[in-house]
Amino acid sequence: MRIYSIFGLCLALAACQEVTVAEKPKESCGAEEMSHLMGLQRAQLESIAFSQPHRILGPDDAATMDFRGERVNFGLDDSGTVVRIYCG
């Protein structure tokens, strides 16, 4: 019976532990400054020479799930129009 008391006490103490959640990495790619590119077509976007890493992602395009804060992602809709600009 004493073992159950000790086990219960350990569970209670474990439940009181403070959980820290990792902060989302700070966005440093400048996506907000590129909002003027919203509405462009894929071909127009591909003709721009960007100074930082970027990728153009259509709705069915495969993409890695790694987060790179300096990379700009351009999300396109089915018609090839930029509908989202974000870091990652």
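List of remarks:
- Ranked order, H54, H36 - accessible area, probe 1.4 Å, largest first: H36, H54
- Modelled this way, with points 7 Å down the Cα-to-C-beta line, the labels at F67 and I6 are 4.1 nm from one another.
The values are calculated or read from the model by the stated rules, or taken from the named source; none is laboratory data. A quick note: this is a predicted structure, and the numbers were derived from the prediction, not measured. Positions of Cβ are backbone-derived with ideal geometry, glycine not excepted, and every protein chain shown enters the neighbour counts. Accessible surface is based on the protein model in full, side chains and every heavy atom, while ligands, DNA and RNA are left aside. Shrake-Rupley method; radii C 1.70, N 1.55, O 1.52, S 1.80 Å.
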